[in-house]
Structures are given as structure tokens and as C-alpha cells.
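Heads up, the thing below is written out as C-alpha cells.
Rule-based calculations on the coordinates, nothing more; no lab input. Keep in mind it's a predicted model, so treat the numbers as computed, not measured. Here the Cβ positions follow ideal geometry from the backbone for every residue, glycine too, while neighbour counts run over all protein chains shown.
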Amino acid sequence: MSYKIAVVPGDNIGPEVMREGLKLLRTLEQLGHGSYQFTEFPWGAGYYLETGAPMPEDGPEILRGFDAIYFGAHGLPGKVHDSVASQRLLHRIRKSFDQYVNLRPLRLWPGVESPIKGKSEIDFVVVRENSEGEYSGAGGRLHAGTPEELALLTTVITRKGSERVMRFAFDLARSRGGKKRVTAATKSNALSHSMSLWDELFEEVARDYPDVETGKINIDAFTIHLITKPEWFDVIVATNMFGDILSDEGAAVAGGIGLAPGANLDPTRRHPSLFEPIHGSAPDIAGKGIANPIATILAGQMMLDWLGEKEAASLIGRAVESLLAEGRVRTPDLGGDASTAEVGDALCERIRKLALR
């Protein structure tokens, strides 16, 4: 199969880690696992400084004809407010293509140590509602610059938005096998209207999945349980902000945010989905060639799996597992001294060997 892939490398370390992700895809192409036509777009905070917008006005229309979007780290802290790259680039793409599922798998890989002592079996997925919730953008500011200045942001919880992401989470729990457990993050004891509706809908959807174990945990307690017993979780379903927080915390527990990929999915497949590392653009190490590319590479794996290139996706997963288990080629964030390119090269070499077996 041949695929048209839109590539948005981003800012700071974004192009550095994206270079390695593309390197693996080209290696897989050479081995006969798909054909990829990459079209690169220089959008992001740097593009904003040049043009006054992080992407062109017709950006979503430009992307509409692609099979998938491969997205790097973005943002220039200190030069461009984070909301510019987030709200006017990434969030705009998510909303334009109704990518209502933000899927973030978190795994403690062999050979990687969790900062939590005694943890070895961590493998869960955060299913984050991606279209509304706390990031809906509903609100505004009044009386700017006066003593009466007011900022208001409204959390939006709808039956449609909540139910569809919850059904995705339950279906995922069934397909993963194993624990078959879905845990919802809530805060209905304080957010009486929005989270009460979320809780009620979770209970309604759960009745259609009697074979799946369920539970609800208040977000404050959830952050504690994710540290003390991360191995207990299987599939977590959460609103936009809660899912964002829990997945970042989960990444830290599972060995580091440099290993954490994410997918922004339109499960109907009417629009292209977007695949990205969940980490930021790391300006402190940009240009040094030491950023960990594995999160971006694993995002590429998720993209291939979504496109139906299952064997290619499996080769990436097996190569990453082998590399991390051996522990010889690692970037500084994992205690090694390898460069970004050296990790990419080592993974390409492992893929070639695995493909010959």
C-alpha cells in the first residue's frame, strides 16, 4: 500500500526527533513494508514568528487529503506563548478533523527502571476525551486591564462526546485482553454538574459491557494511585484536562516522557488522524543532538498500526524493546550517552535484522 503522510516537525527538538522517526519509516519502506510519500510543513511557533500565524488559514484543508499526520514537538517558550502553538495549531487540527480520542499508551519497557521502587509490570492506556471538556475554549475575558478584569472558561461535557469516548475505551479494554478493566477519572464531589453527567454516562455505558470491570476514582486520589499502584491499571478514560495530567504523570512513572507516544484519532476514519510524542519541544537541549527520539518513533508505530501496516508496526515495537532491554544505546535522559541519531541508526539496524528472521 502507498500512503500520503503530512509531516509537521515542529520547533526546537521537534525536527531532530522527527528526522529519526522518518528514518525508520524509510527503512521499513526499503524492506517492502508500505510506500510512503512525505510532505513536510514548517508550521509551529517558529512559523508564527515569521508569518503571524502558526499555520495557514486553510491549513486543515491542506491536510484533509492525507492518510495521516506525523506531528513533532512544538513550541518556543519565552518567545511565543504556549497557547499559540497549542490552540491555533494542534487543537485546531484536532477539532477540524473530529479527532475525539487522544490515545496515550504507557508501558514500562524491559531494561527501563521506574522511579517508583519495586515496579516492573506497568502497561496501561489513557483514553483522553479530545474534543471538549476543560479545553473546549468556551469562555472569554471582560474588562481587560481594569481592577474588575474577569476571565471565564467553561467546561463542556456532552452526552455525545462522553459516550463515544467511553465506548472506545471499553472496546479497547476488550481488545487488549488481560485485565479488561476501565477506570474513569472524576471529580463529581466538587464539579457537581459537569462531572456528575460524566459519571452517569459512564455507568450507562458500562452496563453494555458486563464482561469489563469498572471503577471511578476522584482525580486527586487518582494521581496518588497512579504512583502507588500503576500496575493495577489497564484502560483509563478521562476528560480532556484530567487525561492530559494523568498521562504525563503516567509517563514519568513508566520511565520517562521521552518514551511516551500519543495518537489523536478520528475512529470513524472520515478524516486523517494525527500521531505525535506527548513531550514538549525541550528548548534547553535543542540543537545538542541528545533528545530521545523513541516517543516520536513509537508515535510512528501507532500510525502504521492505524493504517493497517501491522507487521511494520510490530517490527518497530520489537526493535525498541530489544534496544531498551540491552541498554547499550541510550540517550542521556535514560542514563546513556548516545546521540539522537545513534538511537535512530541502532533501531534501523535492528529492524533490518528482525526482518530477515
Rounded to 0.05, the calculated FRET efficiency for the beta carbons of Ala190 and Thr158 at R₀ = 22 Å is 0.65
DSSP beta bridges in the range 154-281, what fraction antiparallel, as a percent rounded to 5? 30
Where nothing but the Cβ of Lys and Arg (+1) and of Asp and Glu (-1) is charged, how large is the charge dipole of the chain around its Cα centre, in debye to the nearest 20? 720
For Ser83 and Arg357, what does the FRET efficiency come to when R0 = 41 Å and r is the distance between their Cβ atoms, rounded to the nearest 0.05? 0.30
Which of the aspartates and glutamates could a cross-linker span from Lys23 if the Cα-Cα distance has to be under 13 Å and same-chain partners fewer than 8 positions apart are dropped? Glu342, Asp345, Glu349
Mind ordering 24-36, 198-210 by average Cβ neighbours within 10 Å, highest first? 24-36, 198-210
Please find, in a Gaussian network model of the chain (springs between Cα atoms separated by less than 10 Å), the residue of Gly317, Gly78, Gly255 whose mean-square fluctuation is greatest. Gly78
Run down the lysines and flag those whose C-alpha is under 24 Å from the C-alpha of Lys79, throwing out any fewer than 8 positions away in its chain. Lys288
Specify whether the C-alpha gyration tensor of the range 114-254 places it in the rounded, prolate or oblate class, a ≥ b ≥ c being the square roots of the eigenvalues: rounded for a/c under 1.5, otherwise prolate if a/b is larger than b/c and oblate if not. oblate
How large is the helix-only mean residue ellipticity at 222 nm for the chain, computed as the sum of -39500 (n - 2.57) over DSSP H runs with n ≥ 4, divided by its residue count, in deg cm²/dmol to the nearest 500? -12500 deg cm²/dmol
Distance check, please: which entries in Lys117/Lys180; Lys4/Lys353; Lys180/Lys353 exceed 29 angstrom between their Cα atoms? Lys180/Lys353
antiparallel share of DSSP beta bridges within the chain, to nearest 5, in %, is 45
Could you work out how far the C-alpha centroid of the range 189-250 sits from that of the range 76-125, in angstrom? 17
Order these peptides, 146-157, 106-117, by their mean beta-carbon neighbour count within 10 angstrom, highest first. 106-117, 146-157
Which semi-axes, in whole Å and largest first, does the equivalent ellipsoid of the range 48-206 have when worked out from the alpha carbon gyration tensor as the square roots of 5 times its eigenvalues? 31, 24, 19
Listed pairs Lys119/Lys216; Lys229/Lys310; Lys187/Lys310 exceeding 29 Å between Cα atoms: Lys229/Lys310; Lys187/Lys310
